[in-house]
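Undergrad: Okay, here's the structure, questions in a sec.
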Amino acid sequence: MTIQELAHKISIFRYISILLLLVVGLTSTRAASQTETAEWYYKRYANTPIEEVYQQGMTHLKKGETDKALACLTVVIGRYHNKMNDKERKTYEYALNNAGAIAMLRYDYSTAFSLFTKALDSADDSVAYRTHNNIAGIYIYYNDYYNARKHLDLAYNIGKREQDWASVYNTTHNLLDLNWNVDSLQNSMPLIEDFRRLSISPKDNNYQFISRICDGMESLHHRQYTEAITQFGKAIEIAQGLDFQETHEIPNYLYMAKAYMDIGEYDKALDNLRICERKSEESHSLDMLITTYHYLDLCYQRLGNINMAHAANYRYMELKDSINSANEYGKIKDMEFLHEANKYEKQLHQLTAEKRVHDIVTWAIGIGLLLTLLFLGITIYQNKKLSESNKDLFKKNVALLKSEEKEERIYQEYTEKLEKLEKSETKLPDQERYKSSSLTDESREILLSRIRQVMHTPAEFCKDDFTIDKLATLVNSNTKYVSQVINETLGKNFNTLLNEQRINEVCKRLVDTANNGNKTNEAIAEEVGFKSRSHFIRTFKKITGLTPSQYQRMAKLEIED
């Protein structure tokens, strides 16, 4: 088995592992660390109602234990089946939304979008408005305000109809923030008026928080900056008692900073922006941090502090480049298209699978693990056999080189005898003699000796222009007799003999690290007359059974042993 084949099998193993992750339904970017956690939770809650598993996941989420929360949520998602009752289906849809929210916290927007669109496939209005709100958050992140507003409007209207005031608060804040970001506060006025007309009860802290922001935005629209700053400050005070405090606070510090800049109080603007910077870093809110550095750049420019402006702009661009990937957004747009296509396809094809997904998962995991273990066993065994086979081939090649060296010494001993025999023959030049008569046994021995002398002289056969014609000239004969002797006595043609001698010379140089340790295999091949790298590697493996690199590694191991 070659190294390439081994690499191919290793890649197959990776695909098997990825397939197992997809079957279990893990959606986290930390898939490697999540696999064991999800499996452990799946086994633990295999016979537990999914509502209880979901609640356990939400408990972890409130504690900030996102890994554990995601493990529970993926168990719920993985146990989806067509025969779920309404309560179970709602739980499944909530799990998709919350798993997507965790993915957003990790800036894995493509995974989040996939989970949200899957939720939309089965959700009714009582859940869909939450999903629209979440999808809008992704579009806002990528500055696609048109699609963001479209989803937020859907979420706001459905939230009002369902009287889910928590969603209405969240959607209202997102719409106000969107309009503030694009300097279109005029678009917020109808929204603010509509929000104030809602019959919301009780009017708790969440309501008061959004009301203060509405008041602040309305004041900004009328250029009443001092009043706007006061209202945003009140919103920050109310945020102290809300869940996810930093998420509620930071935008209001930004609103205040922008208002201070509008009235030329840049020092106060900087104070608020530095608070934003600190809180964004502490809460890992990179999107808020990006916006903060954008306004720090503007503020320092207006103060004339160019160095600080450049520093803020550099940090802004650095963060943008690190997480705002155009390729990621392209994947989201592709997924949206596929989602729409799948919706229509599902109307034409009825799902026929009746087994519960968790049963399929159990079988898939078992079979997958068995196949994986079997594959690993075969790979390890074949790798071991490959290593042993390579060692045997190397030893055989070394033994062959030694035997050829011994054979060469024997031929040297006969050289003098053959030369005497030559002198005893007719003094005509060999070439003329061979032309006029067939080769005698004595002439064949003389010619063979000459051929072997030349073919054991690297200075001759390693020349890149060495041919049978040059060999015939060197042995004082013609190509016909040279070819005849090589074929009849050695059982091979000239090209085969030449390749073997050159490869033998390469083998000698590969193990001679003292003189050739700094040379590449290609350089050595070129020295012995090979012009083509591919021809050299193909010829080397054909003759020795190993690649040049494998042969060199075996030689190093032999030296170390």
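The values are calculated or read from the model by the stated rules, or taken from the named source; none is laboratory data. Remember, it's a predicted structure, so these values are computed and weren't measured experimentally. As a convention, Cβ positions derive from the backbone with ideal geometry for all residues, glycine included, and neighbour counts pool all protein chains shown. Ligands, DNA and RNA are stripped out before the accessible areas are found, and what is left, the full protein with its side chains, is counted by its heavy atoms. Shrake-Rupley method; radii C 1.70, N 1.55, O 1.52, S 1.80 Å.
Undergrad: Over all distinct alpha-carbon pairs, what is the Kirkwood Rh of segment 225-310 in angstrom?
TA: 12.9
Undergrad: Not counting ligands, DNA or RNA, and with a 1.4 Å probe, what is Asp183's accessible surface area in Å² rounded to the nearest 10?
TA: Result for Asp183: roughly 120 Å² accessible.
Undergrad: Further question on the same structure: Cα-based Rg of segment 51-181 per 2.2 N^0.38 Å, rounded to two decimals?
TA: Its radius of gyration relative to the 2.2 N^0.38 Å reference: 1.03.
Undergrad: Based on C-alpha coordinates, I'd like the Rg and Dmax of segment 208-257, in Å.
TA: 10.1, 31
Undergrad: Take the alpha-carbon centre of segment 456-495, take the same for segment 124-146, and report the distance between them in whole Å.
TA: Using only Cα atoms, the two centres lie 80 Å from each other.
Undergrad: Lys and Arg at +1, Asp and Glu at -1: add these up for the other residues within a Cβ distance under 10 Å of Met261 and post the number.
TA: Surrounding charge for Met261 is +1.
Undergrad: Applying the Karplus parametrisation 6.51 cos²θ - 1.76 cosθ + 1.60 with θ = phi - 60° to the phi angles of segment 69-76, what ³J(HN,Hα) value in whole Hz is obtained for each residue in order, glycine and proline being reported as x?
TA: 4, 5, 4, 5, 5, 5, 5, 4
Undergrad: If packing is taken as the mean number of other Cβ atoms within 10 Å per residue, what is the order of 465-474, 199-208, highest first?
TA: Ranked by mean Cβ neighbours within 10 Å, highest first: 465-474, 199-208.
Undergrad: Count the net charge of all other residues whose Cβ sits under 14 Å from the Cβ of Thr520, scoring Lys and Arg as +1 and Asp and Glu as -1.
TA: With Lys, Arg at +1 and Asp, Glu at -1, the net is 0.
Undergrad: Sticking with this one: Could you order Trp40, Trp363 so the one with the most accessible surface comes first? Probe is 1.4 Å.
TA: Trp363, Trp40
Undergrad: Would you check the accessible area of Arg538, probe 1.4 Å, heavy atoms only, in square angstrom rounded to 10?
TA: About 150 Å², ignoring ligands and nucleic acids.
Undergrad: Short version: ³J(HN,Hα) in whole Hz for each residue of segment 294-310, in order, from phi by Karplus 6.51 cos²θ - 1.76 cosθ + 1.60 (θ = phi - 60°), x for Gly and Pro, what are they?
TA: So the J values, rounded to whole Hz, are 4, 6, 4, 4, 4, 5, 5, 4, 6, 7, x, 8, 5, 4, 5, 5, 5.
Undergrad: Under the Karplus relation 6.51 cos²θ - 1.76 cosθ + 1.60, θ = phi - 60°, what is the ordered set of whole-Hz ³J(HN,Hα) values for segment 108-124, x standing for Gly and Pro?
TA: Computed from phi, the couplings for segment 108-124 are 9, 6, 5, 5, 4, 4, 4, 5, 5, 5, 5, 5, 5, 4, 10, 7, 8 Hz.
Undergrad: Note down the accessible area of Met317, probe 1.4 Å, to the nearest 10 Å².
TA: In the full protein context, Met317 sits at about 90 Å².
Undergrad: How big is the charge dipole of segment 238-327 about its Cα centre, in debye rounded to the nearest 20, if each Lys and Arg gets +1 on its Cβ and each Asp and Glu gets -1 on its Cβ?
TA: 220
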